[in-house]
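Visitor: My questions will all concern the structure given below.
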Amino acid sequence: MKLNQLSVFLENRPGALSAPCRALARAGVNLLTLSIADTQQFGILRLIVRDWARAKAILEAEGCVVQVTEVLAVEVPDRPGGLADLLEVFEQAQLNLEYMYAFSVKQADRGLLVFRFADPDAAVAALRAAQVVVVNEVELLRRLDA
Amino acid sequence: MSPNPDFNGGFHPASAVDFLPPPQLRELQLTRLQFIVRRAYDRVALFRQRMDERGLTPEDVRGLEDVERLPFTTKTDLRDTYPFGLFASPLQEIVRFHASSGTTGKPIVVAYTQEDVNDWAAVMKRCFLACGLHSGDIIQNAYGYGLFTGGLGAHYGAEALGASVIPISGGNTERQIMILKDFGVTAICCTPSYFLHLIERAAEMGVDLKKLPLRAGVFGAEPWTEGMRQRIEAETNLKAYDIYGLSEIIGPGVAMECRHQAGPHLFEDMFLPEVINPETGAPVPDGVEGELVLTTLCKRAMPMIRYRTRDISALNPEPCACGRTLRRIKRIARRTDDMMIIRGVNVFPSQIEAALLAVEGTLPHYQIIVDRVKGLDELEVQVEVTSEFFSDTVGALEQLRQRLSHAIESIIGIRAQVRLVEPHTLQRSEGKAKRVLDKRKL
């Protein structure tokens, strides 16, 4: 159910983002989705790729500090209030959400968001109970390839 | 005895020793050297042991030149005997402690008997007299009060002088400027970099320092330059005087410039100076640069015999226009070790290393960057992020940054900006990172 996301430490300076991106490009790694968290001083680049282990090795060879984090890809109804309803599920289950970002792929009337929970396993269980669709890696890749 | 031209009314008896004819000064020094060596030998185990190893006794000090046979004392000795191991007085006789940075987490502790405190005030009074201050002056003392010797050292000296002292301590620049103006302050004591900061702040506040009665600045506790003196004097009506001192010897008041501003006169009746080749330990002649070594001639609680200051200087025996027979020391701009002086505070890279190690458990690659922004020293520590300490959330990284910053501040006593940087970005030479980048133009 859980996806492995790569997080890369970046300094907040011009060009900091291009080094890891270029390294992945050279190795032919496509980014399925990404987000950047930034502060005045530093940033964190978060990536979802097909083969996280290989991408991690590539980035580390480039000298990057990389961490693997478990995240969930969750379906969200593509209508006003879709996310708000989902957040209500999180709230009722008392899930602590660290951050979120989106996939650009969309299936019919459903969008796909990436959520990082403080406790991913508790989140999986709570979302299942609430009958929210959590997309696993196999299904994710199938959709992206479609 | 020559008249003392410092004092508007003529000779001031408190400065009499400054003008002693050299033979009398040497005689006084020898008497005191014999006293202090005897005291240290009888009461300080480490010194006695080192004398015994050399087969020396206090009786071997027959002339001033015999000082060269005595063992050196180093900062390491103070650290190894922390906190009270070098005291020559029982604790009941200690009336004051001060402390300054050691090379690692523990500070260097110094102690004073009542007589030591009185001697210190007397020598600080001579400092103020040398630059033409006297009772009636209003002295704003912006050196930090506390364990640092600067604040209380200048305070007691200024009171002994009979001046009106404003014990404002460091910081709160706006209030400093308000009081300078409202109280009609005639002299200020602080670090020269802080005064430059004060000049800039005063301009921003629309206060014209040139219109104030401020006429003297007693600046020290950090290296500074002729360029800084010129800038200070161009933007105010005060004369900027260089004062030198260090906690291990007494605090401020080891040497002070007279009104001719031609290098600090060392109070040789209290502190016996030598300049040595820092590599060999051999003495060098007057005028030649080397490491300044000082012996306290009067200090009872904690006599320092041949203390290696690590400051690079030279003794200037040329007569000064003021008539003082005390030799002058060359302005100190360099040291033999890696100590930095930041906002008047002694900082060793090893202290910052100890703080980083305490937080992370292993030592990350780091670089210390010192800069002067708007006249104020800024300390930044860049730390390479490692996979052990990289966390996926911004909050956790911010916490790491704050923990590092707090650990550094709690060891060195001043705030450091910690910047997390990518691995392998800090400059390395011969496989070892260049630890300190000092961008200040000194």
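Visitor: Examine segment B:186-205 for a residue that is in a helix (DSSP H, G or I) and modelled with pLDDT of 95 or more, and state whether such a residue exists.
Guide: No, because not a single residue in segment B:186-205 is in a helix (DSSP H, G or I) and modelled with pLDDT of 95 or more.
Visitor: If a residue must be within 30 Å of B:T309 (Cα to Cα) and open to solvent by less than 20 Å² (accessible area, probe 1.4 Å), how many such residues does segment B:188-231 contain?
Guide: Total satisfying the criteria: 18.
Visitor: Next up: Scan segment B:166-187 for residues that are open to solvent by 30 Å² or more (accessible area, probe 1.4 Å), farther than 20 Å from B:N346 by Cβ and of a type outside the set (D, E) and jot them down.
Guide: Residues satisfying the conditions are B:P167, B:N172, B:R175, B:M178, B:K181, B:F183.
Visitor: In segment A:59-70, how many are more than 19 Å from A:A102 (Cα to Cα) and either surrounded by 20 or more Cβ atoms within 10 Å (Cβ to Cβ) or within 11 Å of chain B (Cβ to nearest Cβ) (or both)? Before you say what the answer is, go through the steps one by one.
Guide: Just the residues of segment A:59-70 that are more than 19 Å from A:A102 (Cα to Cα), to begin with: A:59-67.
Then keep just the ones that are either surrounded by 20 or more Cβ atoms within 10 Å (Cβ to Cβ) or within 11 Å of chain B (Cβ to nearest Cβ) (or both); that gives A:59-60, A:62-67.
The qualifying residues number 8.
Visitor: Further, regarding this structure: Just to be sure, is A:A108 open to solvent by 80 Å² or more (accessible area, probe 1.4 Å), more than 14 Å from the chain's Cα centre (by Cα) and among the small types (G, A, S)?
Guide: yes
Visitor: Any residue at all in segment B:370-386 that's surrounded by fewer than 16 Cβ atoms within 10 Å (Cβ to Cβ), in a loop (DSSP other than H, G, I, E, B), touching a helix residue (DSSP H, G or I) at 6+ places or on another chain (Cβ under 9 Å) and of a type outside the set (D, E)?
Guide: yes
Visitor: Could you list, in sequence order, the residues of segment B:241-281 that are farther than 29 Å from B:F87 by Cβ, part of a loop (DSSP other than H, G, I, E, B) and touching a strand residue (DSSP E or B) at 6+ places or on another chain (Cβ under 9 Å)?
Guide: B:E257, B:C258, B:R259, B:Q261, B:A262, B:G263, B:N277
Visitor: Quick one: is B:E388 within 11 Å of another protein chain (Cβ to nearest Cβ), touching a residue at least 24 places away in the same chain (Cβ under 8 Å) and at negative phi?
Guide: Working: within 11 Å of another protein chain (Cβ to nearest Cβ): yes; touching a residue at least 24 places away in the same chain (Cβ under 8 Å): yes; at negative phi: yes.
In short, yes.
Visitor: If you don't mind, another one. For segment A:12-58, how many residues are within 11 Å of chain B (Cβ to nearest Cβ) and either open to solvent by less than 10 Å² (accessible area, probe 1.4 Å) or under 29 Å from A:N136 (Cβ atoms) (or both)?
Guide: Count: 10.
Visitor: Just the residues that are outside any loop (DSSP other than H, G, I, E, B) and without any contact (Cβ under 8 Å) to a residue 60 or more places away in the chain, please, taken from segment B:282-291.
Guide: Hits for segment B:282-291 are B:G290, B:E291.
Visitor: Limited to segment B:249-269, what total is found for residues that are open to solvent by 10 Å² or more (accessible area, probe 1.4 Å) and under 22 Å from B:H98 (Cα atoms)?
Guide: Total meeting the criteria: 1.
Visitor: A:L87 is checked against (1) crowded, with 17+ Cβ neighbours inside 10 Å; (2) away from chain B (no Cβ under 14 Å); (3) among the hydrophobic types (A, V, I, L, M, F, W, C) and fails just one. What number does that condition carry?
Guide: Among (1) crowded, with 17+ Cβ neighbours inside 10 Å; (2) away from chain B (no Cβ under 14 Å); (3) among the hydrophobic types (A, V, I, L, M, F, W, C), the lone unmet condition for A:L87 is (1).
Visitor: Could you check B:L294 against (1) open to solvent by less than 50 Å² (accessible area, probe 1.4 Å); (2) modelled with pLDDT of 95 or more; (3) under 23 Å from B:D18 (Cα atoms); (4) part of a loop (DSSP other than H, G, I, E, B) and say which number it fails?
Guide: The failed condition is (4).
Visitor: Just the residues that are in contact (Cβ under 8 Å) with a residue 40 or more places away in the chain and open to solvent by less than 60 Å² (accessible area, probe 1.4 Å), please, taken from segment B:401-429.
Guide: Passing the criteria: B:L404, B:A407, B:I408, B:I411, B:I412, B:G413, B:I414, B:A416, B:P423, B:L426.
Visitor: Of the numbered conditions (1) farther than 18 Å from A:T69 by Cα; (2) within 13 Å of chain A (Cβ to nearest Cβ); (3) modelled with pLDDT under 90, B:R401 satisfies every one except a single condition; which is it?
Guide: Every condition holds for B:R401 apart from (3).
Visitor: Identify, please: which residue in segment B:360-385 is modelled with pLDDT of 85 or more and more than 28 Å from the chain's Cα centre (by Cα) and is, among those, farthest from the other protein chains (Cβ to nearest Cβ)?
Guide: B:V383
Visitor: So, one more: State whether the residues of segment B:387-395 include one that is modelled with pLDDT under 90 and in contact with a helix residue (DSSP H, G or I) (Cβ under 7 Å, 6 or more places away or on another chain).
Guide: yes
Visitor: I'm trying to understand the selection: among the residues of segment B:387-400, which are buried (at least 18 other Cβ atoms within 10 Å of the Cβ) and in a helix (DSSP H, G or I)?
Guide: Scanning segment B:387-400 gives B:L397, B:L400.
The values are calculated or read from the model by the stated rules, or taken from the named source; none is laboratory data. Source: prediction; values computed, not measured. In this analysis, Cβ positions are derived from the backbone assuming ideal geometry, glycine residues included, and neighbour counts consider all displayed protein chains. Quick note on the areas: whole protein, heavy atoms, side chains included, nothing else; ligands and nucleic acids left out. Shrake-Rupley method; radii C 1.70, N 1.55, O 1.52, S 1.80 Å.
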